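Notes to accompany the following structure.
Laboratory data are not the source of any read-out in this text; all were calculated from the coordinates shown. Everything numeric here is computed off the predicted structure, so don't read it as measured data. Glycine gets a Cβ as well: all are built from the backbone with ideal geometry, and neighbour counts include every protein chain shown.
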Ligand SMILES: Cc1cc2nc3c(=O)[nH]c(=O)nc-3n(C[C@H](O)[C@H](O)[C@H](O)COP(=O)(O)OP(=O)(O)OC[C@H]3O[C@@H](n4cnc5c(N)ncnc54)[C@H](O)[C@@H]3O)c2cc1C
């Protein structure tokens, strides 16, 4: 295999430390004036792509392409991705209609088109975006492409120049190691790595890296909706707990509540 | 000591931090931790704000309180910033810097202080940000390569030696001397208040090379050197002080201290002029650091007064608590406008000092008042170390005193802007 051409889709989401609020119409969360940042799981996939390059494994990383679909602020997260080490970026301009953005299947079809067009042989995606928590895109993409997939990777190891990849992921009570051949789709989990903070010189360089704007139509994909969000509500407020003095108190309380 | 490692994707749970400090609320700008919504920020300033916020959120208030107690230099923050190239933010690209302006550096310093790091965090790197500007401007290519490269990379630390015990703010009267020797100079005298000298590898030092009574102009006769500090001829003694215990400040005694010719910056007797060059920038940065502390205090005060219930309601519902905080926000924000105006003007080549001085003055005073009000808002808890605002207050005196006092700024405005007779 000549070189790794990695596609890393990234999403701009409400910052992980912000407590989201439901909008008045109960159709989604309030996004105006709220701090946004790069989806944490996507930070992991960018980091992993960059590490694959730095590790200088059996296959040289030829290209790291970051891609984001969304409104006019998307280039922010693409610059972040490029500051971390992506070589170039695509911004797929999808006007924000306040409906939470395109559905996972639309995104997967869009990625499929980019994979073909850009001759990609490895797609690294976050296992989910922390806004919609759908966790579907990677799997759908693998299905559309007919490629092997490894989800929720906690370790990615390129074994040889024929494109053999070993992926570890955590399962209940242990770890599972999978082997597959490129081209493939990998989704990332928290334990995969610890994403870097971009350095100032790299932040400056990223401003000059190529960022191309495209539309879904350019990629031959239509933003059709198959699902309708009926209602979004806050979780019920937590009820205050009670305090017990000691273990005896706990036991009698549990008995009283019929738990023992 | 290790910087506490905090999982990056979970809302931070630092015990002893009052609830609410870490969870950002949506629409209250003053209570969101290092918000980046200020509408006036340029794109590059916002980039700096966000990048520095990320680094600083690994260093919670508990870290700063702990090193204030143990007097340990914040090496972890220093290294976190050095490793990512931040020490060279204003310095030339040739030596590893990024050549951004004071407008960006001010955002960086404000953000560091505002994270809860206060003057401790800011002072730990302050000298790197603009201190070597005289070298960048007047040094030879060889000197810049020799000095700026390791400074930016964080391999060498520098401190700044101007103040002397017997002359105070009257810098033109400096008494420490450098006598010509066969192949360089011999320095003797003393300096005081020299921050970070305990660990600094180098010092940028201003000393007299021509006696006062033999100079043509009073601004001549002083020369600037950048040289190794940790030598037996220099005795460095730490000064116990009110706040910022983690970043040392010292008295220096030196005698028969040989400094080679290669370590002189620019021309002999022209040192004062070279120091002046960076002065406005330094005031802007100190002012920005003060702002950071002020906003940090205000954030804590607003969050606390929203959560603390007395007489059946949050104390912040009382106008007696709410209004002083609102007043402080307005004053801090007004000072911020002036600081960033001064920075923008500086970057455009403006050399006047009125906005840099006035901005530093207003920022330090607004921050001081904000810190005091934060303590009073907390009631008894404001006096407890656990709530951090007492530490902020102890540190916020620094930008009021240094590098130039309030009185000297008023003198400057009186003389230069109002055209009044010089009072001193
Ligand atoms: C924490 C800390 C760190 C410092 N770090 C450094 C450092 O790294 N390097 C360094 O060189 N210096 C440093 N300094 C020194 C600082 O810059 C000086 O303390 C400051 O310039 C004031 O000088 P002084 O202390 O000698 O005050 P003085 O000159 O003795 O003044 C004392 C008071 O008298 C007032 N006063 C004096 N003359 C007049 C006048 N004509 N009109 C009205 N009022 C007047 C002053 O405003 C001030 O209030 C530091 C100081 C502190 C507190």
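The tail of the calculated P(r) for chain A, taken as Cα-Cα distances beyond 22 Å, holds 59 percent of the pairs. Find the centroid of the Cα atoms in region B:44-97 and in region A:100-147, then give the distance between the two in whole Å. Using only Cα atoms, the two centres lie 36 Å from each other. In terms of Cα atoms, the Rg and Dmax of the protein assembly as shown work out to 28.7, 96 Å. Taking 0.36 nm per residue of separation and subtracting the Cα-Cα distance, full extension of the segment from residue B:239 to residue B:253 would add 3.7 nm. Given R0 = 45 Å, the distance between the Cβ atoms of residue B:94 and residue B:319 translates into a calculated FRET efficiency of 0.20.
I want to make sure I understand the PRE zone here: with the label point 7 angstrom from the Cα of residue B:417 toward its beta carbon, which residues in region B:279-293 have backbone N atoms less than 15 Å away? Taking a point 7 Å out along Cα→Cβ of residue B:417, the residues of region B:279-293 whose backbone N falls under 15 Å are B:284.
At full extension, residue A:178 and residue A:117 could sit 19.1 nm farther apart than now, given 0.36 nm per residue minus the alpha carbon distance.
Seen against the Cα atoms of chain B and their longest principal axis, helix B:102-112 is set at about 50 degrees.
Distances over 21 Å make up what percent of all Cα-Cα pairs in region B:157-268? Cα-Cα pairs of region B:157-268 separated by over 21 Å account for 33 percent. Its alpha carbons considered, chain B gives a radius of gyration followed by a Dmax of 21.7, 79 Å.
A straight chain from residue A:144 to residue A:232 at 0.36 nm per residue would run longer than the Cα-Cα distance by 28.7 nm.
Placing pseudo-labels 7 Å out from each Cα toward the beta carbon at residue A:224 and residue B:381 gives an inter-label distance of 5.7 nm. Along its three principal directions, the equivalent ellipsoid of region B:250-395 from the Cα gyration tensor extends over semi-axes of 41, 20, 9 Å, largest first.
Specify the angular offset, from 0 to 90 degrees and rounded to the nearest 10, of the alpha carbon long axis of helix B:271-307 from the longest principal axis of the alpha carbons in chain B. Relative to chain B, helix B:271-307 is tipped by roughly 10 degrees. Beyond 22 Å, the tail of the calculated P(r) for region A:138-260 holds 71 percent of the Cα pairs.
Put simply, when B:210-218, A:85-93, A:213-221, B:278-286 are sorted by average Cβ atoms within 10 angstrom per residue, most first, you get B:278-286, A:85-93, A:213-221, B:210-218.
Springs join every pair of Cα atoms under 10 Å in this Gaussian network model of chain A, and among A:165, A:34, A:156 the largest mean-square fluctuation is at A:34. Against chain A, whose longest principal axis comes from its Cα atoms, helix A:40-55 is set at around 40 degrees. Extending 7 Å from the Cα toward the beta-carbon at both residue B:70 and residue B:28 defines two label points whose distance is 3.3 nm.
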